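J.: Take this structure, written in structure tokens, and hold onto it; I'll ask about it next.
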Amino acid sequence: MSSLVDGPPLPGLHSHWLAPSPVGSGKQTKGTLTCKSQGVARQRALSFHLCCVVFCFDFPFSVHIGQVCDPNCLSVPTGSRMAPWCYCLLYLLIRTLSGTPSNSPGESSHPWVAAPLAPGEVVKTADEVCTFPGQPLSWWQAQESCEQRFGHLVMGPVDGVLASRLSDPVWVNQREASLRRPPRRRKRTTSALVFRERTADKAARLRTLLPALEALTACAHLQWDSNSPEVAAIFSLAAPALANALQLRAFAEPGGAVRAALVVRGHHAPFLAAFRADGRWHQLCATWEQRGGRWALFADGRRRAAARGLGAGHPVPPGGILVLGQDQDSPGGGFSARDAFSGNLTDFHLWARALSPAQLHRARACDPPPGGLLFVWDPGSLDITPSLLPAVPVRLPCPVPSEECPAWNPGSLTESSELCLQPQLFLCCYRTETYQQLQDVHLWPGQDVISKVNALANTLVLFPDPLSEAPKTLTLDKASRFLGILERVLAKETTPLGPAALLAVLHFLKRVTALGAGEPEPLAGPWQQLGQGVMSVASQILEEQLAGAWLSISEVVGGPMALVASLQRLAPLLSTALTSEQPQMYIQRDHAGLEVRSLRLREASARGYIFTMPGGHPEGPGHIHIPASEVRQLLRKGLSGVTVIHSWFTSSVFQYVLGAGVLEPQASDSSEEADRMQRFLSTQVGSAILSSEVWAAAGEVSTAVTFHLQHQAQAFPQKLVEPVCAFWNFSISPHTGGSWATSGCSVLTLFQDSTACFCNHSTNFAVLLQVYDIQRDPEEESLLRTLSFVGCGVSFCALATTFLLFLAAGVPKSERTTVHKNLTFSLASAEGFLMASEWAKDNKVACVAVTAAMHFLFLVAFSWMLVEGLLLWNKVVAVSMRPAPRMRLYHAIGWGMPVVIVAITLATRPGDYVATGHCWLSVHTDTIWAFVGPVLLVLTANTYILFRVVMVTVSSARRRARMLSPQPGLRQQIKIQVWATVKPVLVLLPILGPTWLVGILVHLSPAWAYVAVGLNSFQGPYIFLVYAACNGEVRSALQRVTEKKAASLTVGRAEPDAVTISCGTRRGPASPQPPGPWEVARTPPRRHVALRGIRGPGIATDFSSIAEPERLAVELTAFKASETPDWIRGTTGSPK
């Protein structure tokens, strides 16, 4: 037997059962396992459950299930009532219910021992698939790594399958929070003021006067001159009402510490040790609050002192002037060398509130909190004495920020917070369907583009498998070169990119745009060339012909907005290439563009800043405006210059992929009655996408903007289109790439083809078009409903009467009578259910049943209309004389096809089968095509058949007219041909159903709704008149029934005249019955030979005579008892 491996105890076993006894001991102690297998005694210090597992269930050890632990081999604790073998059976039950785990790669061969995750291992959970890269990264880098492979960080709490195999904390994704961007740098280069000597002519003054301060925080990075032990003013604030309103003073002990003290309203705090005078950079911060006079000193992120009672009860006076490096005896002056600062100073910030210790940690990490910020370090906004110029660039270290990101601790099985830049392990997760699609990418068509690019670059540029890790580090030079190769290959491609190539290109662009995001210093290299290459490739993959490929991968990558997010991640890095000689970078391509510009705020404080898209107008559509009030707000924060980034995208791919259903209808101020008159259909992207961002040295700054974009509402005729100002929010459903949102945005002005908007933040904007179907007002809706009900009732009565006449009159059986019976029965039944549907809409089950019945019966009616057309084609157009068993085929078409269509529809679309508010198919889903599709097919086929029948009758009438009169007059010819055209159309319209085509035009105008109701209501009475009341077959059958009944009542009496049903005539029974309007005479047709060129008197025929030249040579009959081919008959005159 193989050796056993210890594992964790089963839940519920007491720990004292697991205490081992000394090996080799002759007597059993508590927890000792003395096991026997096949007569051989073995004693081992093992846990109880392992004995059960090995001897009862561990099949690799060749032990059978029936072999249980011997009770004699265990010493059970006193008081235990369960036999040991019961635990074995209990373990077997647990293992059976939980399933037998597979021994796939990376999994333990013993399921009760959770093997740790191996790098690169893939683990499946209940609803996701997660991969374990095994490389510790910061939260930002981990998120970027997962996004590059189209995944996301695992969501907390971690699934139990994963948690059991984790030994160290892992990063988890953020829930319900905006996707934050990583810090731009962990170390940054800034300008420092160098106070080399203690003189009275070295000072820097803030140009803006400060307001009254009830609380404040001041921070600065200092390099103290250890050779200057005298007290110096790091900064001072003097107001007209009080010269010593605020000061931060300090001095250095020789070879010791730098001691600092805060002075508020002339009240001096004690000097306390802050940091060592070692010549290094240190951050010194002071906080103060009017309430209670609370103050504190912080150095390098640690609180050094705190107390109360300093200047309590009164704020710092307004109108104060802030000076760095000098004490002020009067506002803005009174400097002296005795109080001058000696050393280097940079990164000074001032807030109008007292920051918490965590916020001060954030400020120390070069990410100052924006709330209440009065001054951000910017030498350009200071009046600096010439002796301090020029400012010296220094590399300011930014320690790990105190900002914390969510992590999962497998030890405590709880979510915790860790410093975001601290390296941690992580898991990249995917939805199961997304992961399967990414695994099958190499099987997708269109791999040739990937091969071409990789062959030209002589290395792996485009990855056929986006789940794989990049084997080599990508540099700026390599990325620029690869982008040039990719741009040339895409330009030469004659066929559109497939989904695989598009996914590979997008994967590569994600890698490129992430360059330098986690570096402490901006990378040196061809940033402008890189930006041009990225925008060129982005424009090429936004071609309209690639919309289908984008739609194919939208569930994997989140649609084309994933490309927008990548470009916006690159844009701040491009700003590092801007200089005073080149303050702007402008890149424009066919479907995308980018502008990065350095903006001096004082120059824009009067009118704000306006960016205009190509083809736009600064005062019309196509521009975005940062108002002057926002610029002045930035100035009040102490900023002198910012970087503004604008990008725009004009591809129709966004309209195609981000189409219907992207946003719920917005609430309007209209009345409830007006809301009933319009029905929401969808939301469409109606304009270009325009983005605006503002970046300062410390990070992104949000500003309010106004924008004016052009849209095309005329693309939705006969619809109510309502523009909506919206922005793309990546934090809404981040797994799918985000969604449109409207919070903070509103419509300023509506124009015919454009909309002006306001948003209180900067991001990606667009104008969405909410499309509504214009509904009829209640009075008109009620009138149409009444007319429809009355019309259906009249049609139902006429069809029912026709069907009953067919049955009662005993019309001779034939193909046509059978087809007519099925058509009238199905159409009458459908209209009966249609009238009853109004009462069934309140009961959900009844409504579904009525809808299914109407769906089926109307499809049956149209199927028999198709059969009518096919039979007409065989009798008139094809003139098939051979009898064939066609009725089986006709019944399969008339009843079989509708059954199949309705069954498939109910099986595949049970949730959206019935419309809301009435019992019929939902017209807002694809379910309606289960009815409209077959109906359009039938009506198209019957319209074509009717056209061919008219051609045959017109041609036959023309030939017959020439036989009767070799040179007929023009007027007579026109009369004959017009009647030959009109007559079949009038007779065949009710049974072929072309009048239902008017229903397609109902949405164009209310008038068409009335026309459709009238035509469809008249179908039943028209069938009754043409095919029952005025049909000779039916009249003859009724006459025979009447005569038979009269004969039985008047036996032995003279037979009285019987009145027959006719169209406006009254005849006795002995009168010869003329043929009906579509009836062919019963005398078999005679064959005559027409001799061209010989004129003579025509011989009277079955269908015409010389006295009635207007009779057609081709006549149709509604019913015919005979099965002889009598649909088309022509006779010609024969010369004597």
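J.: What FRET efficiency comes out for T432 versus A907 if R0 is 25 angstrom and r is the Cβ-Cβ distance? Round to the nearest 0.05.
T.: FRET efficiency, T432 to A907: 0.55.
J.: A follow-up question, please. Looking at the P(r) of the range 321-458, how many percent of alpha-carbon pairs lie beyond 22 Å?
T.: In whole percent, the long-distance tail amounts to 67.
J.: Follow-up. With an 8 Å Cα cut-off and a minimum separation of 6 or more residues, compute the relative contact order for the range 232-360 in percent.
T.: 27
J.: Over the range 484-593, what is the relative contact order in whole percent, taking alpha-carbon pairs under 8 Å and six or more residues apart?
T.: In percent, rounded to a whole number, it is 40.
J.: For labels at D448 and V985 in the simple 7 Å Cα→Cβ model, what's the distance in nm?
T.: 5.3
J.: What are the ³J(HN,Hα) couplings of the range 320-332, residue after residue, when phi is run through the Karplus curve with 6.51, -1.76, 1.60 and θ = phi - 60°? Round to Hz, x for glycine and proline.
T.: 3J(HN,Hα) across the range 320-332, in whole Hz: x, 10, 9, 10, 9, x, 8, 8, 9, 7, 9, x, x.
J.: Another one. Which one of S138, A238, N173 has its Cα pushed farthest toward the positive end of the charge dipole of the range 129-283, where Lys and Arg give +1 and Asp and Glu give -1 at the Cβ?
T.: Farthest along the dipole direction, towards plus: A238.
J.: Here is a follow-up. Using the crude model of +1 on Lys and Arg Cβ and -1 on Asp and Glu Cβ, and no other charge, please compute the dipole size for the range 189-253 relative to its Cα centre, in debye to 20.
T.: About 220 debye.
J.: Quick one: dipole size for the range 792-949, taken about the Cα centre, charges +1 on Lys/Arg Cβ and -1 on Asp/Glu Cβ, in debye to the nearest 20.
T.: 660
J.: Answer rounded, prolate or oblate for the range 417-572, using the Cα gyration tensor with square roots of eigenvalues a ≥ b ≥ c: rounded when a/c is under 1.5, else prolate when a/b is larger than b/c, else oblate.
T.: Oblate, because a/c is 1.5 or more while a/b does not exceed b/c.
J.: In the range 796-885, which trypsin sites (Lys or Arg not before Pro) are in a loop and have at most 11 other Cβ atoms within 10 Å, using DSSP for the loop call?
T.: K813
J.: To the nearest 20 debye, what charge dipole does the range 216-364 have about its Cα centre, counting +1 at the Cβ of each Lys and Arg and -1 at the Cβ of each Asp and Glu?
T.: 660
J.: Here's another thing I want to ask about it. With 22 Å as the limit, write out which pairs from K821/K1045; K813/K1044; K452/K492; K875/K975; K875/K983; K813/K875 have Cα-Cα distances beyond it, or answer none.
T.: Over 22 Å Cα-Cα: K821/K1045; K875/K975.
J.: Go ahead and run the numbers for FRET between V923 and E581, Cβ-Cβ distance against an R0 of 56 Å, rounding to 0.05.
T.: After rounding to 0.05, the efficiency reads 0.35.
J.: Given an 8 Å cut-off on Cα distances and at least 6 residues of separation, report the relative contact order of the range 542-627 as a percent.
T.: 15
J.: Given I893, T908, L872, which one lies farthest toward the positive end of the charge dipole of the range 849-930, if we put +1 on the Cβ of every Lys and Arg and -1 on the Cβ of every Asp and Glu?
T.: Value: L872.
Values in this text are rule-based calculations from the coordinates and carry no lab data. Just so we're clear, the structure is a prediction, and the values are computed from it rather than from any experiment. Virtual Cβ from ideal backbone geometry, glycine too; neighbours counted across all protein chains shown.
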